[in-house]
Amino acid sequence: MMISTRGRYVLRVLADLAEHSNGSYIPMKDIADRQEISLKYIEKIMPVLTKAKMVDGLHGKGGGYRLNRAPEDYKIGEILRLTEGTLAPVQCLETGAGGCERASRCSTLPMWQRFNKLTNEFFDSVSLADLTTPQDGNDYVI
């Protein structure tokens, strides 16, 4: 499993919103400048977050985006499953995948299932708030 650029950028955008949250809407340009992500790219990913009800958006003067819940209430697993579709390490474990005809005799399936479970449990144990709290005095980098 490899997290895409889109997944990494969404995490950076949401972490930026969490870090600069003061109840008002934050312009996309401010986020783009701080995160060094093109404004055009951010304009493509924000509708996905709005549709999934992860952020509230407001157009026009004073507009931008803001989180609609506390940073602690956003789990990284939820965000990555939205952007990546799945965190499954192999195709046979992807959501909606039909059962593999070899599953009953596949010697590697239990290993992939354990890895998938560990991956999901790990990302579900990390919140957006965790990304905005520097660890060991270092700034976060995704």
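The values are calculated or read from the model by the stated rules, or taken from the named source; none is laboratory data. None of these values were measured; they are calculated from a predicted model. All Cβ positions, glycine included, derive from the backbone under ideal geometry; neighbour counts span all protein chains shown.
Structure values in brief
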quantity	calculated
Residues of segment 42-61 satisfying the condition of being charged (D, E, K, R), under 15 Å from Tyr74 (Cβ atoms) and surrounded by 11 or more Cβ atoms within 10 Å (Cβ to Cβ)	Asp56
Filter result for Glu84 (at pLDDT 90 or above and farther than 17 Å from Leu11 by Cα)	no
Test: Leu87 is in contact (Cβ under 8 Å) with a residue 60 or more places away in the chain, within 25 Å of Asp30 (Cα to Cα) and either surrounded by 14 or more Cβ atoms within 10 Å (Cβ to Cβ) or among the polar types (S, T, N, Q) (or both)	no
Residue match in segment 57-74 (condition: without any contact (Cβ under 8 Å) to a residue 12 or more places away in the chain and assigned to a helix (DSSP H, G or I))	no
Of all residues making up segment 43-72, the number that are touching a Phe, Trp or Tyr at 6+ places or on another chain (Cβ under 6 Å) and on the phi > 0 side of the Ramachandran plot	1
Residue count, segment 71-84 (criterion: surrounded by fewer than 19 Cβ atoms within 10 Å (Cβ to Cβ) and closer than 18 Å to Lys51 by Cα)	7
Residues located in segment 1-32, provided they are free of Cβ contacts under 8 Å to residues at least 24 places away in the same chain, over 19 Å from Arg69 (Cα atoms) and exposed (fewer than 14 other Cβ atoms within 10 Å of the Cβ)	Met2, Thr5, Lys29
Segment 113-123 - residue that is surrounded by 12 or more Cβ atoms within 10 Å (Cβ to Cβ) and more than 11 Å from the chain's Cα centre (by Cα) and, of those, farthest from Pro71 (Cα to Cα)	Gln113
